[in-house]
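Okay, so here's the structure we're looking at.
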Amino acid sequence: MSLSAPSPQHYDFDLFVIGAGSGGVRCARIAASLGARVAIAESRHWGGTCVNLGCVPKKLFVRASAFAEIFEDSHGFGWSATNITHDWISLIAAKNREITRLNSVYTSLLEKAGVTLFTGHARFLNPHTLQIDPSELAPHETPRTITAERIVIATGSTPVRPHFVGAEFAITSDEAFYLPERPQRVVLVGGGYIGVEFAGIFSGFGTQVDLIYRRDLPLAGFDEDLRHALTKAMTLRGIIQHPSTHIHQITREHSGYIVTLDNGQSLRTDCVFLATGRRPKIDELGLENTAITTAGNGRIIVDEHNQTAQKGVYAIGDVTDRINLTPVAIAEGHILAETLFGTAPPRQWSFDTTPKAVFFTPPLASVGLTETEATQKGDVDIYMTQFTPLHHTLSGRKEPKTLIKLVVAHDSQKVIGAHIFGDDAPEILQSVAIAVTAGLTKADFDRTIGIHPTSAEELVTLRTCTRTTPYTPNATPTTP
Ligand code: NDP
């Protein structure tokens, strides 16, 4: 007797979402709440990068590493915190417990919304039919095929590994959250969000950090004054920076690695960490069975309504490689669901004033235009202050200073950019982002009463214009 192949189990939905990260989950939940029959497939971890390998564990690590300075500063307030030690394994275990809890929060939110969940990798067989993981099914299981009128690709992104000799010895942020022990020495490559944040994390724990980046300053795209303040703070924290430098190769030695730089310098380290950007995750999606088009590093091309070149198939979040931030993916998912299934016009978001933050210790945050970007549009008035926060008068920590900067359009007096470096910068800046999004003027800031004593009150007490920078249509960021 011969066994015939099991026939596929078939499901049909109004909407099928591929990827249960921040954007996909929001899209599925809103669509289901609007009455659509919705399913979602996730191949790796519910909640996606943000919950499992990104924002959430990162923020927990930043908090964990920041305690070192708090213990140190407490001496100035009469405490005598001595013999302080840190247990890396306990931190990883606590972080893992929280992530497991969040995974089930995500699945239960989806189930309560009436969304059907599939665990497995989804692949297009044709523009409106997908198959889930036939290769991973046990022999007795039947393959699952799904048809849906509308399909949303929300598969996110994955770390990029540049090609050089020995690149295979390096880790990325994916592995950094599961290191079995904290390295004593780490070489971080990349001066973007992840490079800067992990430089802060590891240095806080006492790891010797070398940060290699290819520009003259870290955090390309952020305001120059913030970038200068950050690089100074990194040096104060003991981080050795290698600006305008590339990695040449990594070789293994008995107790670690030797990193050779393009300037001929060699660094001995326990861990090399590549933080050199992320690329859209489109592998094995079967896009060749659709009319979907991609560009550059694999980003899926979409129109202003997030529709791909294949009618009825949409893409949101990092897989489209535009503003690769969790809240943006959430907004895109929400708008798309309401556009497809809502009866009222979809909720509006202002993507032009998307605030952003980098969680170094201390952190920095920005909204709107940098000074350089603003001068490409017209004359700008700059209001800037740098000061030692009150609590550091007793800790004796005079540096780094908090920096607050407003970029004001000279003619309209609208506040078109706000930039903060210092304790609580992201918490403060979220509210400032409302003012910038609303198009408020410097006079609106000035007539607002401050909260005393705070760092944030400086935002409403900046009386003197630091400088007026003239219209410079071809302005480019300056070098130090
Ligand atoms: P980023 O794009 O922020 O930074 C990448 C860094 O690597 C840049 O300094 C870049 O240099 C450099 N780089 C790129 N390719 C190479 C190469 N081949 N050789 C040497 N250096 C290279 O990416 P990250 O990996 O830091 O983070 C990925 C994304 O994740 C971010 O863009 C952000 O969207 C998101 N994220 C957001 C966070 C937040 O909101 N707080 C935190 C962490 C991540 P150059 O500037 O010259 O291109």
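Taking the highest mean first, how do the peptides 467-473, 394-400, 78-84, 257-263 order by number of other beta carbon atoms within 10 angstrom per residue? Walk me through the intermediate numbers first.
Values: 467-473: 12.4, 394-400: 14.3, 78-84: 8.0, 257-263: 17.0.
The most tightly packed comes first, giving 257-263, 394-400, 467-473, 78-84.
Give me the three principal axis extents of region 353-480 from the C-alpha atoms, as integers in angstrom, largest value leading.
45, 36, 27
Can you give the extra length, in nm with one decimal, that the chain gains between Thr388 and Leu109 once fully stretched, where that is 0.36 nm per residue apart less the Cα-Cα distance? Could you put the intermediate results ahead of the total?
Values: separation 279, 0.36 × 279 = 100.44 nm, distance 4.40 nm.
Full-extension gain reported as 96.0 nm.
With a ≥ b ≥ c the root eigenvalues of the C-alpha gyration tensor of region 276-343, is it rounded (a/c under 1.5), prolate (a/b larger than b/c) or oblate? Present the calculation step by step, with values, prior to reporting the outcome.
Values: a/c = 2.29, a/b = 1.19, b/c = 1.92.
Note, shape of region 276-343 comes out oblate.
How high is the FRET efficiency from Ile84 to Ala167, r the C-beta distance, R0 45 Å, rounded to 0.05? Intermediate values should be presented prior to the final figure.
Numbers: r = 37 Å, r/R0 = 0.81.
Efficiency computed from Cβ-Cβ geometry: 0.75.
Based solely on its DSSP helices, what 222 nm [θ] is calculated for the chain when runs of n ≥ 4 H residues each add -39,500 (n - 2.57) and the sum is averaged over all residues, nearest 500 deg cm²/dmol?
Details: 12 runs with 136 residues, N = 480.
Roughly -8500 deg cm²/dmol at 222 nm, from the helical runs in the chain.
Taking the simple approach of a point 7 Å from Cα along Cα-to-Cβ for both Ala93 and His254, what is their distance in nm?
That separation, rounded to one decimal, is 3.3 nm.
Between Ile449 and Arg268, what is the label-point separation in nm under the 7 Å Cα-to-beta-carbon projection?
About 6.2 nm separates the two model spin labels.
Suppose a student asked you for the relative contact order of region 148-303, using Cα pairs under 8 Å spaced at least 6 residues apart; what percent would you report? Let's see the in-between values first.
Numbers: 264 pairs, mean separation 47.2, N = 156.
Relative contact order comes out at 30 percent.
Once the dipole of the chain is set up with Lys and Arg at +1 and Asp and Glu at -1 on Cβ about the Cα centre, which of Gly23, Gln430, Thr142 lies farthest towards its positive end?
Of the options given, the answer is Gln430.
Can you tell me the 0 to 90 degree angle between the C-alpha axis of helix 22-33 and the longest principal axis of the chain, rounded to 10?
Result, in degrees: 50.
Compare the peptides 144-154, 320-330, 90-100 by average per-residue count of other Cβ atoms within 10 angstrom and give them in order, highest first. Could the numbers behind the result be given before it?
Values: 144-154: 23.0, 320-330: 20.3, 90-100: 14.2.
Ranked by mean Cβ neighbours within 10 Å, highest first: 144-154, 320-330, 90-100.
Could you compute the FRET efficiency for Arg347 and Arg63, with r as their C-beta to C-beta distance and R0 at 45 Å, rounded to 0.05? Present the calculation step by step, with values, prior to reporting the outcome.
Details: r = 31 Å, r/R0 = 0.70.
Efficiency computed from Cβ-Cβ geometry: 0.90.
Could you give the size of the charge dipole of the chain about its Cα centre, using +1 on the Cβ of each K and R and -1 on the Cβ of each D and E, expressed in debye and rounded to the nearest 20? Mind showing how you got there, number by number?
Values: 42 positive and 49 negative charges, 45 e Å.
Dipole magnitude for the chain comes out near 220 debye.
Order of 382-391, 51-60 by packing, highest average Cβ count within 10 Å first? Intermediate results must be reported in sequence, preceding the final value.
On the way: 382-391: 16.4, 51-60: 20.0.
So the peptides 382-391, 51-60, ranked by packing, come out 51-60, 382-391.
Using only the Cα atoms of region 1-98, what semi-axes does the equivalent ellipsoid have when each is the square root of 5 times a gyration tensor eigenvalue? Give whole Å, largest first. Can you show the working numbers first?
Values: eigenvalues 456, 76, 11 Å².
Computed over region 1-98, the values are 48, 20, 8 Å.
Report, please, the projected area of the chain averaged over directions, based on the convex hull of its C-alpha atoms, in nm².
Details: hull surface 112.2 nm².
Reported value for the Cα convex hull: 28.1 nm².
Report ³J(HN,Hα) in whole Hz for each residue of region 218-233, in order, from the Karplus equation J = 6.51 cos²θ - 1.76 cosθ + 1.60 where θ = phi - 60°; Gly and Pro get x.
Couplings: x, 6, 3, x, 8, 4, 4, 5, 5, 5, 5, 5, 5, 5, 5, 5 Hz.
Report, to the nearest 10°, how far helix 55-74 tilts away from the longest principal axis of the Cα atoms in the chain, using its own Cα long axis and a range of 0 to 90°.
Approximately 30 degrees, to the nearest 10.
Over region 204-274, what is the relative contact order in percent, taking alpha-carbon pairs closer than 8 angstrom and at least six residues apart?
Values: 91 pairs, mean separation 19.0, N = 71.
Answer for region 204-274 is 27 percent.
Report D for region 218-336 in µm² per second (integer): Stokes-Einstein, Kirkwood Rh on Cα pairs, 10 °C, 1.306 mPa s.
Numbers: Rh = 18.1 Å.
Calculated translational D: 88 µm²/s.
With an 8 Å Cα cut-off and a minimum separation of 6 or more residues, compute the relative contact order for region 18-127 in percent.
Numbers: 106 pairs, mean separation 47.4, N = 110.
Computed value for region 18-127: 43 percent relative contact order.
With the Cα gyration tensor of region 155-262 giving a ≥ b ≥ c as the square roots of its eigenvalues, does the rule (a/c under 1.5 for rounded; else a/b larger than b/c for prolate; else oblate) give rounded, prolate or oblate? If you can, show how the numbers build up before the last one.
Numbers: a/c = 1.43, a/b = 1.34, b/c = 1.07.
It comes out rounded by the Cα gyration axes.
Per the Cauchy relation, a quarter of the hull surface: what is the mean projected area of the convex hull of the alpha carbons in region 339-420, in nm²?
Details: hull surface 34.9 nm².
About 8.7 nm², averaged over all directions.
Which value in nm describes the separation of the simple spin-label points at Tyr178 and Tyr471, placed 7 Å from the Cα toward the beta carbon?
5.6 nm
With point charges of +1 on the Cβ of Lys and Arg and -1 on the Cβ of Asp and Glu, referenced to the Cα centre of the chain, which listed residue (Phe273, Ala331, Gly156) lies farthest in the positive direction of the dipole?
Among Phe273, Ala331, Gly156, the one farthest towards the positive end of the dipole of the chain is Phe273.
Every number in this text was worked out from the coordinates using simple rules, so none of it is lab data. As the structure is a prediction and not an experimental result, all values here were calculated from the model. Because the Cβ atoms are built from the backbone with ideal geometry, glycine has one as well, and the counts that use them run over all protein chains shown.
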